[in-house]
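In what follows, a single structure is set out as structure tokens and then discussed.
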Amino acid sequence: MNKGFLLVVSGPSGVGKGTVLHDLMNTQHNLVYSVSATTRGKREGEIDGISYFFIDHDKFEKMIENDEFLEYARVHNNYYGTPKEFVERKINEGKIVILEIDVQGAMNIKKSTDDGVFVFIAPPSLAELRNRIEKRGTETLEDINIRMNNAIGELKCINEYDYLVVNDHLNSAINSVNEIINAEKHRVFRSDYVYKEEDDD
């Protein structure tokens, strides 16, 4: 069984990351989403260990002290983080662990792991990104402007990633990420292949 790896995916809000990854989950049998830990309360329908690992502040801060997170952040008085143990266990099981995260989180992970594959999903243009966000009809004009300003900052970080996929056409973007995954599966250092010479007789 070949070793798996961590697939870190970033891109501006509205670019279609979730749609691309959802489709890949249906075509690649060994993909799993990374499960984050959080100190916020469990919402209706959420399941511990699947939606999040729900833990209290004291335990989270103890895990920080013990360097048990690939990355973490504090948002609105609650912690969110990516536990190393879950990711490493799944990778050792041969799984490809998907972590959909913002640029800041991705850069923190890049500092703490040598086994990540970093993919940035970009829009064909800022005008098209704005068009897609507006079509959703779920954000105010102020929210849209904030998202667009954030997108400009995120796009400046593309060079920090291993791969760039432009989501111009959805199927093309899905195929591109699929090709990246398949290529990374066959990296020599992930293989457990052992060459054996045959006996002459």
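Using heavy-atom solvent-accessible surface (probe 1.4 Å) with all chains present, what is the largest-first order of D114, D143?
D114, D143
Expressed as a whole percentage, what fraction of the accessible surface of the chain belongs to carbon and sulfur atoms when a 1.4 Å probe is rolled over the protein heavy atoms?
Roughly 46 percent, rounded to a whole number.
Add -39500 (n - 2.57) for each DSSP H run of 4 or more in the chain, then divide by its residues: what number comes out at 222 nm, to the nearest 500 deg cm²/dmol?
Dividing the helical sum by the residues of the chain leaves -12500 deg cm²/dmol.
If you count only protein heavy atoms and use a 1.4 Å probe, how large is the accessible surface of T140, to the nearest 10 Å²?
80
Any idea of the accessible area per residue across the chain, 1.4 Å probe, to the nearest Å²?
For the chain, the solvent-accessible area averages 60 Å² per residue.
Within region 114-181, list the chymotrypsin sites (Phe, Trp or Tyr not before Pro) lying in a DSSP loop whose Cβ has at most 13 other Cβ atoms in a 10 Å radius. Please list the in-between numbers first.
Working: sites: F118, F120, Y161, Y163; in loops: Y161.
Qualifying residues, ordered by number: none.
Just tell me which aspartates and glutamates come within less than 18 Å, Cα to Cα, of K110; anything on the same chain fewer than 8 places away is out.
D67, E68, E71, E85, E88, E100, D102, E154, E160, D162, E184
At 1.4 Å probe size, with no ligands or nucleic acids counted, give the accessible surface of E154 in Å², nearest ten.
In the full protein context, E154 sits at about 40 Å².
Pairs to check: K84/K185; K90/K111; K62/K84; K17/K135; K59/K95; K84/K111. Give those whose C-alpha atoms are more than 23 Å from each other in this structure. Provide the component values of the computation, followed by the final result.
Working: K84/K185 21 Å; K90/K111 20 Å; K62/K84 14 Å; K17/K135 16 Å; K59/K95 27 Å; K84/K111 13 Å.
The answer is K59/K95.
Please give the Cα centre distance for region 1-17 versus region 34-103, rounded to the nearest Å.
Their Cα centres are 16 Å away from one another.
How would S10, S125 rank on accessible area, largest to smallest, probe 1.4 Å?
S125, S10
Any idea what % of Cα-Cα pairs in the chain are farther than 24 Å?
Result for the distance tail: 48 percent.
The values are calculated or read from the model by the stated rules, or taken from the named source; none is laboratory data. Everything quoted here is computed from the prediction, not taken from an experiment. Here Cβ is always computed from backbone atoms with ideal geometry, including for glycine, and neighbour counts include all displayed protein chains. In case anyone asks, the SASA skips ligands and DNA or RNA and just uses the protein heavy atoms, side chains included. Shrake-Rupley method; radii C 1.70, N 1.55, O 1.52, S 1.80 Å.
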